[in-house]
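J.: Pasting a structure below so you can have a look.
The values are calculated or read from the model by the stated rules, or taken from the named source; none is laboratory data. Please read these numbers as outputs of a predicted model, since none were measured by experiment. Reconstructed Cβ throughout: ideal geometry from the backbone, glycine too, with neighbour counts over all protein chains shown. In case anyone asks, the SASA skips ligands and DNA or RNA and just uses the protein heavy atoms, side chains included. Shrake-Rupley method; radii C 1.70, N 1.55, O 1.52, S 1.80 Å.
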Amino acid sequence: MEMASADYEVFGKVQGCNFIKAAKDKADSLDLTGWIKNNKTGTVGGRIQGTKANVDQMVKWLSEEGSPGSEIERCQLTNQQAIIRPDYNKFFLRF
């Protein structure tokens, strides 16, 4: 099974609308690992790791769906790569 990793930053109205909690719930449902946090610039960023198919589903959620009340402008991906094993054992919130 192909494993993947990607760093992301989500732009738009993504703070103050439970975005990071909803993202954690979505990542947990997809059995992904990594982290998410609010950035000082008003964006949300983090890293997701897991099967390529599940990472792709999470990227779609981060790009198009988000939490109720969020207004996503775009999701910028960096450091997309295939990995042997995840760096984390769960998905967590960073502060």
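J.: Does any residue of the stretch 33-41 turn out to be open to solvent by 20 Å² or more (accessible area, probe 1.4 Å), closer than 27 Å to M1 by Cα, of a type in the set (A, V, I, L, M, F, W, C) and outside any helix (DSSP H, G or I)? Reasoning before the result, please.
T.: Taking the stretch 33-41 and keeping what is open to solvent by 20 Å² or more (accessible area, probe 1.4 Å), we get 35, 37-41.
Then drop every residue that is not closer than 27 Å to M1 by Cα, which leaves 35.
Among the residues that remain, those that are also of a type in the set (A, V, I, L, M, F, W, C) are: 35.
Restricting the remaining residues to those that are outside any helix (DSSP H, G or I) gives 35.
Scanning the stretch 33-41, I find at least one residue that is open to solvent by 20 Å² or more (accessible area, probe 1.4 Å), closer than 27 Å to M1 by Cα, of a type in the set (A, V, I, L, M, F, W, C) and outside any helix (DSSP H, G or I), so the answer is yes.
J.: Examine the stretch 11-18 for a residue that is closer than 15 Å to F92 by Cβ and modelled with pLDDT of 95 or more, and state whether such a residue exists.
T.: As a first pass, look at the stretch 11-18 and keep what is closer than 15 Å to F92 by Cβ: none.
Checked against the condition, which is being closer than 15 Å to F92 by Cβ and modelled with pLDDT of 95 or more, the stretch 11-18 yields no hits at all.
J.: Quick check on P86: is it part of a loop (DSSP other than H, G, I, E, B), touching a residue at least 40 places away in the same chain (Cβ under 8 Å) and surrounded by 16 or more Cβ atoms within 10 Å (Cβ to Cβ)?
T.: Working: part of a loop (DSSP other than H, G, I, E, B): yes; touching a residue at least 40 places away in the same chain (Cβ under 8 Å): yes; surrounded by 16 or more Cβ atoms within 10 Å (Cβ to Cβ): yes.
Considered against the rule, which asks whether it is part of a loop (DSSP other than H, G, I, E, B), touching a residue at least 40 places away in the same chain (Cβ under 8 Å) and surrounded by 16 or more Cβ atoms within 10 Å (Cβ to Cβ), P86 comes out as yes.
J.: Of a type in the set (A, V, I, L, M, F, W, C), part of a helix (DSSP H, G or I), within 14 Å of K26 (Cα to Cα) and touching a helix residue (DSSP H, G or I) at 6+ places or on another chain (Cβ under 8 Å) - does that describe any residue in the stretch 45-54?
T.: no
J.: Can you pull out the residues in the stretch 42-56 that are closer than 12 Å to Q15 by Cβ and either among the hydrophobic types (A, V, I, L, M, F, W, C) or open to solvent by 60 Å² or more (accessible area, probe 1.4 Å) (or both)? Give the derivation first.
T.: Step one: list which residues in the stretch 42-56 are closer than 12 Å to Q15 by Cβ, which gives 42-45.
The one that is closer than 12 Å to Q15 by Cβ and either among the hydrophobic types (A, V, I, L, M, F, W, C) or open to solvent by 60 Å² or more (accessible area, probe 1.4 Å) (or both): V44.
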